[in-house]
Number of protein chains: 2
Amino acid sequence: MTIRILPPTGITSRPVPSRVLMGPGPSDMHPRVVAALGRPAIGHLDPAFVEMMEEIKILLRYAFQTENALTFAVSGPGSVGMETCFVNLVEPGDKVIVCRNGVFGGRMIENVQRFGGTAVIVEDTWGEPVDPQKVADALNANPDTKAVAFVHAETSTGAQSDAAALVRLARDKGCLSIVDTVTSLGGTPVLVDAWGADAIYSGSQKCLSCVPGLAPVTFSERAVERLKARRQKVPSWFMDLGLVLEYWSAPGGKRTYHHTAPVNSLFALHESLVMLKDEGLENAWARHRLHHEALKAGFDVLGLKFLVREDARLPQLNAVYVPAGVDEAAVRKQLLDRFSLEIGAGLGPLAGKVWRFGLMGHSARADNVKLCLGALAKVLAGMGLAVDGDAAIAAAQRIYIDTVR
Amino acid sequence: MTIRILPPTGITSRPVPSRVLMGPGPSDMHPRVVAALGRPAIGHLDPAFVEMMEEIKILLRYAFQTENALTFAVSGPGSVGMETCFVNLVEPGDKVIVCRNGVFGGRMIENVQRFGGTAVIVEDTWGEPVDPQKVADALNANPDTKAVAFVHAETSTGAQSDAAALVRLARDKGCLSIVDTVTSLGGTPVLVDAWGADAIYSGSQKCLSCVPGLAPVTFSERAVERLKARRQKVPSWFMDLGLVLEYWSAPGGKRTYHHTAPVNSLFALHESLVMLKDEGLENAWARHRLHHEALKAGFDVLGLKFLVREDARLPQLNAVYVPAGVDEAAVRKQLLDRFSLEIGAGLGPLAGKVWRFGLMGHSARADNVKLCLGALAKVLAGMGLAVDGDAAIAAAQRIYIDTVR
């Protein structure tokens with residue numbers, strides 16, 4: 001029983017800097033959500049907790065606009081939500097069309113391959129939406145395709161793809177659709193039943209403005225049938241929907257112990273979903289749109305150009321080109337150090353070329369937009385660029401004043 | 001863009017009842033940990049967050065008593081910690097000896113089989129520790145065994161197995177060891193380097209008294225070598241240690257984005273590990289032992305018998321037989337409804353036969369022990385049993401007074 005490793009010295013409780021989060025997530029949490037997170041823990045089998053789980057399922061069905069019975073929150077980050085979809089629906093030998101126009105399409109390909117499937121890759125340039133014609137061609141060329149997977153809202157670029165069209169193409173060929181809505185849910189329309197989509201996952205820390213670490217998911221009846229018809233056991237115990245179901249959706253309310261749910265994070269998710277429901281989805285979408293318009297008006301004044309063409313632009317994820325000659329990392333460092341403002345860098349082929357400005361959930365508000373425009377102008381001016389921060393803020397302000405809400 | 005699913009009515013912010021958590025986990029959180037959880041979210045790539053991750057690694061090495069470089073917290077419940085060990089270390093065709101003396105050994109078998117391995121099952125009665133002789137026999141009968149997996153502290157029964165002996169048997173045959181320390185870490189000695197164990201996982205919500213949803217893990221150099229020598233890609237993107245490593249332990253501190261870390265839960269984990277370090281492991285173990293002795297003195301007075309023999313009994317998880325003729329579920333319901341006290345039920349073959357009383361982390365304190373004895377005596381007396389709650393509490397109190405600490 002001897003202690004070999006002595007207690008480390010010099011480590012104490014850590015204060016955390018107060019940041020404004022305008023990167024690609026996590027977003028600022030509303031004080032009500034923070035308060036919910038800090039409620040005393042209760043047992044995951046406590047009747048009070050089980051009631052709350054039922055409400056979370058109902059609230060998520062509203063957020064996803066679906067009547068799917070199998071709608072719940074996976075106890076893990078969005079990546080676990082993604083993996084839950086693929087590990088349950090892809091079997092060895094299955095052919096899956098995966099659309100890649102950013103980081104997360106690439107991750108989908110990894111998922112298909114790791115579960116023994118064959119990925120037919122439909123490529124689009126980063127910053128472009130997925131081209132439905134290429135998907136149609138791929139489906140025609142691969143009649144044995146089992147599923148079509150795509151990212152509705154690419155967090156790495158800010159491009160939104162036409163989910164309704166892509167899902168329709170898949171359905172017309174009898175394929176399932178697997179859709180990433182991590183960055184779209186709560187910020188821009190996600191209409192699961194209207195689209196007819198089959199397996200949809202999202203994240204808690206984007207437009208829901210909840211604590212990171214939960215992945216809302218929903219599965220259609222067709223997806224559940226595919227799951228029931230599997231030839232092999234799901235190669236994961238934790239993510240096997242058959243087992244999770246007995247915990248989240250047991251018939252008659254009799255729950256089988258599966259794992260210890262992250263109760264505090266679920267308190268926070270419940271609160272953020274209540275807030276979304278009280279605001280109303282249409283109002284939440286309009287709010288994201290409004291703050292995007294204001295930010296865009298300011299960016300226009302500053303001479304910043306968007307990566308994504310206007311009709312495919314996500315209001316909640318604004319990728320703009322770094323002006324020529326500017327050290328983009330130095331700008332981000334100054335924004336963080338001087339203004340405690342976090343924005344996002346470019347990823348992959350866009351590294352060093354773009355910044356990503358998130359306006360997600362509670363981060364989508366006028367204070368943030370104006371702080372961002374003023375701070376960015378100040379930093380760029382300090383680097384010798386001729387930019388007018390006051391004019392940029394005034395342009396944003398005009399959008400707010402002119403918008404009768 | 002039409003809303004089909006209307007906002008649900010009648011769902012509002014939920015108050016949460018204040019419970020005393022003396023079940024098998026989650027345990028009560030210390031107010032310092034709750035306060036840490038509610039700190040404002042910051043980005044998972046923020047320098048302030050990255051520094052904290054480094055400290056968490058150091059603090060976990062102390063808690064696990066190891067110098068393993070690969071020591072971090074998986075972003076998921078303990079079950080994901082388990083699956084991370086098995087999915088990385090078991091390949092199709094691998095033979096793994098799994099010791100089953102409760103629920104979690106059974107889950108290990110599922111893990112081995114789902115990743116294509118063959119499980120050689122060593123059975124012991126629920127409530128007994130793993131018999132090292134049976135493991136030695138299994139190793140002799142299966143010289144092609146690749147790993148030995150067992151649960152150090154069976155949460156479903158409260159039995160502690162001799163981890164040092166079991167790991168030694170595995171090592172002597174050139175096998176890796178995979179060890180579940182979900183319920184032991186911080187409550188009873190977990191000496192990873194002294195044991196020579198290879199892949200160890202735990203949970204945040206037991207004796208660390210942190211929020212549920214994180215799984216501390218540590219891997220030996222031997223385990224990392226096995227990982228590097230894999231013939232196939234790990235059949236999981238999220239749990240592939242090769243990828244996670246680039247995020248948690250990138251050389252030169254250059255981190256690759258992997259997933260959005262559950263930052264608030266990690267704030268809480270950092271705080272709970274600082275508290276454990278400040279208390280000192282030996283003191284934390286002694287505290288769990290002390291409250292166990294007090295609870296046991298009270299149970300003796302009430303005539304309650306332990307499931308596990310004395311030398312294998314976990315101080316932090318006390319399974320006792322339900323007295324003959326008592327409706328055990330009614331007792332638990334009364335404890336919850338009248339005293340807001342949560343205790344655990346029996347699982348599997350022990351369902352209806354035992355109760356499980358947790359004394360984990362911040363739940364291991366005199367107030368809880370005395371509340372539990374008094375409340376349980378009151379409920380049992382109401383059911384007609386001749387039990388003396390005052391005498392039980394006095395017996396517990398004598399342990400506290402007599403123990404010079």
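Here, each number is a calculation from the coordinates, and none is a lab measurement. Not measured: the values here are computed from a predicted model. Ideal geometry is used to build each Cβ from the backbone, glycine not excepted, and the neighbour counts take in all protein chains shown.
Structure summary
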item	result
Net charge over other residues, Cβ less than 12 angstrom from the Cβ of A:ASN68 (K, R count +1; D, E count -1)	-1
Calculated diffusion of the protein assembly as shown, Stokes-Einstein form, Kirkwood radius summed over Cα pairs, 37 °C and 0.692 mPa s, µm²/s	120 µm²/s
Positive-pole candidate from A:PRO26, A:LEU70, A:VAL96, dipole of the protein assembly as shown, charges at beta carbon	A:PRO26
Isotropically averaged projected area of chain A, using the convex hull of Cα atoms (one quarter of hull area), nm²	23.4 nm²
Dipole magnitude of chain B about its Cα centre (Cβ charges: Lys, Arg +1; Asp, Glu -1), debye to nearest 20	700 debye
Ascending count of other beta-carbon atoms within 10 Å, so fewest first, for B:THR9, A:THR256	B:THR9, A:THR256
Overall dimensions of segment B:1-119 as given by Cα atoms, namely Rg and Dmax in Å	20.7, 58
Assigned charges on the beta-carbon of Lys, Arg, Asp, Glu; segment A:41-159 dipole about Cα centre (debye)	180 debye
Environment charge of B:GLY105, counting only residues whose C-beta is closer than 11 Å and scoring Lys/Arg +1, Asp/Glu -1	-3
Within the protein assembly as shown: Cβ-based charge dipole about Cα centre, in debye rounded to nearest 20 (Lys, Arg +1; Asp, Glu -1)	120 debye
Aspartates and glutamates whose Cα lies under 12 Å from that of B:LYS134, excluding same-chain neighbours fewer than 8 positions away	B:GLU123, B:ASP124
Within the protein assembly as shown, percent of DSSP bridges classed antiparallel, to nearest 5	45 percent
Evaluated at q = 0.14, 0.15, 0.22 Å⁻¹: base-10 log I(q)/I(0), Debye formula over Cα of segment B:92-150	-0.33, -0.38, -0.79
Computed [θ] at 222 nm, deg cm²/dmol, chain B (DSSP H ≥ 4; -39,500 (n - 2.57); rounded to nearest 500)	-13000 deg cm²/dmol
Semi-axis lengths (Å, descending) of the ellipsoid that matches the C-alpha gyration tensor of segment B:205-294	32, 17, 13
Extended-chain gain in nm, criterion 0.36 nm per residue less alpha-carbon gap, A:ILE401 and A:GLU221	60.2 nm
Coordinate range along principal axes, alpha carbons of segment A:267-326, Å, largest first	46, 21, 19
Pairs beyond 18 Å (Cα-Cα), from A:LYS95/B:LYS228; B:LYS305/B:LYS353; B:LYS173/B:LYS228	A:LYS95/B:LYS228; B:LYS173/B:LYS228
Spin-label pair B:SER18/A:LEU6, simplified geometry with 7 Å Cα→Cβ offset, distance in nm	4.1 nm
Over segment B:107-190 - Rg/Rh using Cα atoms and the Kirkwood inverse-distance radius	0.94
Scaled radius of gyration (Cα, divided by 2.2 N^0.38 Å) that segment A:280-402 gives	1.00
Other-chain or far-sequence residues with amide H under 5 Å of A:LEU341's (modelled H)	A:VAL20, A:LEU336
Approximate spin-label separation A:GLU123-A:TYR321, in nm, with each point projected 7 Å along Cα-to-Cβ	2.2 nm
Among beta bridges that DSSP assigns inside chain A, antiparallel share in %, nearest 5	45 percent
Two-site FRET efficiency, B:ASN142 against B:ALA330, from Cβ-Cβ distance with R₀ of 41 Å, rounded to 0.05	0.30
Charge-dipole axis of chain B as Lys and Arg at +1 and Asp and Glu at -1 on Cβ define it, positive-most pick from B:THR9, B:LEU341, B:VAL263	B:THR9
Charge dipole (the protein assembly as shown, unit charges on Cβ, about Cα centre) - positive-most of A:SER249, B:LEU166, B:ALA48	B:ALA48
Gap separating the Cα centres of segment A:222-236 and segment A:46-60, nearest whole Å	26 Å
Sum of side-chain charges, A:ASP388 neighbourhood, beta-carbon under 13 Å (Lys, Arg +1; Asp, Glu -1)	-1
Residue order, fewest to most surrounding Cβ atoms within 10 angstrom, among B:MET239, B:MET53, A:MET275	B:MET53, A:MET275, B:MET239
Rg ratio (alpha-carbon, reference 2.2 N^0.38 Å) - segment A:248-299	1.83
